[in-house]
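Just so it is clear, none of the values below were taken in a lab; they were calculated from the coordinates. Everything numeric in this text was worked out from a predicted model, so none of it was measured. Cβ placement follows ideal geometry from the backbone for every residue including glycine, while neighbour counts extend to all protein chains displayed.
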């Protein structure tokens, strides 16, 4: 009897099936390659090269002046921040809060996970355009949902017909991200309106991720589908302080959601998190005092970096296609090679000292793809990195 | 066609079945009663009446001196904190880290959710002794698991036979909390060893929550079952800075887990959170410099408050039973009434100006139960609150 039990125990002490179904996070893998290659330049992780405005630190100092601030605060976020966000959403995004609620989250990822748990049950489907943001696909697997992928066009723009055809009786949510991670595509107002109307007609939720709202270049304009009249009952919008205000490590973002989902989302945050970190909420409140000018000024500098990156990349356009997207701080490259994106990415780090994220992480198995991020470094280092990339692509693709 | 779609949309825009199955968080409900009753005293929420040591603030000041600190950091926590925690676990808890990993979490609740996702699939079972901590039951519903409850004895001590009988082929985890929330019971070393050995024999994980490790009184001694040789492959231990170091709103805790679950837990945190808030990790690192003396001194003061609360409550022992448990800062009262715990709790706030948490939130439907927390207020206010409670119980129970 005892031996029987012993043998069972070894099969039982395993991770769950749902976790086995989740892809390994790519950022730490690329991080390992980087650590093993001293002097390598990372065009990998999506993060900006600046920190928060001084107002954030002042707010943290003020936080310490009231000992009550160390105690638990409301699940949905502190009232002062929720009020400031309501004003911001109305003034900057044209999103009216009638019929909606703002919930402060520990970053936009948690906002997505909240949305997923609150609108889906196991086996339900969500629609993700490809390339997708890897954490959203991972979240779906953890929540036992099915991801239905739909293609985007050559310029990484939405194919609304493909989305419509992908909707089934089990579809609960269509997910869009604009400016897009990982492609940098900015979806025009018209396309986002169409998706939002389609979702209304078909009775599915429309989740729109606007974490990169301030990062648009040339003529591209950011649009919030939640500003559309008639969107309040089925639109969930996600925002973040990580990129815009340089508060990545502080884990603070927010979501706007239909009021009928508010109590359920409070249950989720209460259970998983209790509340977003209150010190980070104070920092965010301080950052909002600096205002959107802080973000736009920095985005304008990134426009210059983007310009230099594009000039470099045009020199290899024969072996590496590229859509010159106008948002976030990403380009999604399509090198002309039969190498897998993981192999190519690893060789670029080890042989040429430059790191990008392999396209496989974003659901692009073939042809080969790479995400290039130009947000994290000073402009000189980015250009040096892109120089290595150009050299590397020439060397590897010629040989392959 | 259009009208058909319209009618479907209204049924589709609903929260998920899994969220409908989750109980409403009780703390905000009691918070509403409190706000509507000016001058009421809260013996409700589990939180301490002190903030972090000055070392935490110094660490936050230092955090600001390196702009890199605003960028993303490792999913599992910053290396300095993980190293300091490994030392603490070895020195204070006798937990060796061979075969294990430490993961910093955004509070112990998130540690529990990580554990749940990583060891269970939908329809799997976890065993919770009753009264249970409400957020753990809520987490199970969100993760589509089944909660199997087992009774505890009159002193709120574990019934290991009941746990053994409750184990089925679908059982993945037995959960224990000591010192206990909501009862204050401290489980003796022998009982925790028995549960841990039972889990080893039966091939299930043993999750032990030690968030209240420093809060023991009289002869009660804290014991960490993860210190047991042979526990490393199936024991998950949860810890928190919220109570011990007065960092509740900062959302920082940690978990010790078998190494074979480490990569899977990294996937979860990467997806839901990216990393615990880095500023909070620095605060925690600072707090550790103050050391456990900081926590023990404050627990010693709470011992005095506990003593005064007990003297008051003994005056109503005929109408309100109570086990004089020796840990955390809770007592679980059993008033002799047929009123539901929610009704009794609401009347105590509205008619007598004192708030406790109804037992129904902890899985105790009948007989009536109430959790009393004596950690959050200065000793005078606690005694005043308990005075109101005694009066209220006399008035309500006599009339009912």
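How fast does the range A:1-157 diffuse by Stokes-Einstein, in µm²/s, taking the Kirkwood radius from C-alpha pairs at 37 °C and 0.692 mPa s? Answer from the Stokes-Einstein relation: 159 µm²/s. Taking a ≥ b ≥ c as the square roots of the Cα gyration tensor eigenvalues, with a/c under 1.5 meaning rounded and otherwise prolate when a/b beats b/c, else oblate, which class fits the range A:165-311? Oblate shape, in that a/c is at least 1.5 and b/c is the bigger or equal ratio. Classify the range B:281-400 from the C-alpha gyration tensor, please: rounded if a/c falls under 1.5, else prolate or oblate depending on whether a/b exceeds b/c. Here the range B:281-400 falls in the prolate category.
Mean partner shielding of peptide B:131-143, defined as the number of other chain Cβ atoms within 10 Å of each residue Cβ, is 3. At an R0 of 30 angstrom, the distance between the Cβ atoms of residue A:146 and residue B:146 translates into a FRET efficiency of 0.85. Comparing A:168, A:271, A:216 in a Gaussian network model of chain A (Cα springs below 10 Å), the most mobile by mean-square fluctuation is A:271. Enter the Cα centre distance for the pair the range A:105-134 and the range A:141-166, rounded to the nearest angstrom. Result: 13 Å between the Cα centres. Estimated from the Cβ-Cβ distance and a Förster radius of 56 angstrom, the FRET efficiency linking residue B:366 and residue A:296 is about 0.40. Where chain B is carried onto chain A by rotation, the Cβ closest to that axis, with its residue and distance in Å, is B:277, 2. Here residue B:229 yields copy-to-copy label distances, from shortest upward, of 7.6 nm, the label point defined as 7 Å from Cα along Cα to C-beta. Mean-square fluctuations from a GNM of chain A, with a 10 angstrom spring cutoff on Cα atoms, peak among A:86, A:115, A:237 at A:86. One Cα centroid belongs to the range A:267-285, the other to the range B:83-103; the line between them spans 28 Å. Each label was represented as a point 7 Å from its Cα along the Cα-to-Cβ direction; for residue A:189 and residue B:14 these points are 3.7 nm apart.
Starting with the fewest neighbours, write out B:218, B:227 ranked by other beta-carbon atoms found within 10 Å of each beta-carbon.
Values: B:218 13, B:227 19.
Listing B:218, B:227 from fewest to most nearby Cβ atoms yields B:218, B:227.
Can you pull the Rg over Rh of the range B:231-281, Cα-only, Kirkwood?
My calculation puts Rg/Rh at 1.02.
Across identical copies of the chain, residue A:315 has label-point separations of 8.7 nm, listed in ascending order, with the point defined 7 angstrom from Cα along Cα→Cβ.
Going from the fewest other Cβ atoms within 10 Å to the most, the residues B:138, A:142 appear in the order A:142, B:138. From largest to smallest, the equivalent ellipsoid semi-axes obtained for the range A:70-178 from the alpha-carbon gyration tensor read 29, 18, 13 Å. The label-point distance for residue B:219 and residue B:32, in a model that sets each label 7 Å from Cα toward Cβ, rounds to 4.6 nm.
Averaged across the residues of A:50-56, what count of C-beta atoms belonging to other chains lies within 10 Å of each residue's C-beta?
On the way: counts 3, 7, 3, 0, 0, 0, 2.
Mean partner-chain Cβ count within 10 Å for A:50-56: 2.
If the elastic network links every pair of Cα atoms under 10 Å, which of A:342, A:24, A:361 fluctuates the most in the Gaussian network model of chain A? Largest GNM mean-square fluctuation: A:24.
Residue A:291 label point (Cα plus 7 Å toward Cβ) to equivalent points in the other copies: 5.1 nm, shortest first.
Cα centroids of the range A:348-371 and the range A:296-333: how far apart, whole angstrom? Each part reduced to its Cα centre gives a spacing of 16 Å. The ranking of B:280, B:231 from fewest to most other beta carbons within 10 Å of each one's beta carbon is B:231, B:280.
Out of the DSSP beta bridges found with both residues in chain B, what percent are antiparallel (nearest 5)? Mind showing how you got there, number by number?
On the way: 20 of 40 bridges.
Antiparallel bridges: around 50 percent, rounded to the nearest 5.
Semi-axes of the equivalent ellipsoid for the range A:54-291, computed as √(5λ) from the eigenvalues of its C-alpha gyration tensor and ordered from largest down, come to 30, 20, 16 Å. Put a dot 7 Å past the Cα of residue B:91, heading toward its Cβ, do the same for residue B:21, and the two dots end up 4.5 nm apart. Taking each DSSP H run with n ≥ 4 as -39500 (n - 2.57) and averaging over every residue of the protein assembly as shown yields -13500 deg cm²/dmol at 222 nm. At q = 0.21, 0.28, 0.29 Å⁻¹ the log10 of I(q)/I(0) for the range B:180-234 amounts to -0.79, -1.18, -1.23, computed by Debye summation with a single uniform scatterer per C-alpha, solvent ignored.
Averaged across A:19-30, how many Cβ atoms of other chains sit within 10 Å of each residue's Cβ atom?
Neighbouring Cβ atoms belonging to other protein chains average 4 per residue here.
Calculated on the Cα set of the protein assembly as shown, radius of gyration then Dmax: 26.8, 91 Å. Against the empirical curve 2.2 N^0.38 Å, the C-alpha radius of gyration of chain B lands at a ratio of 1.01.
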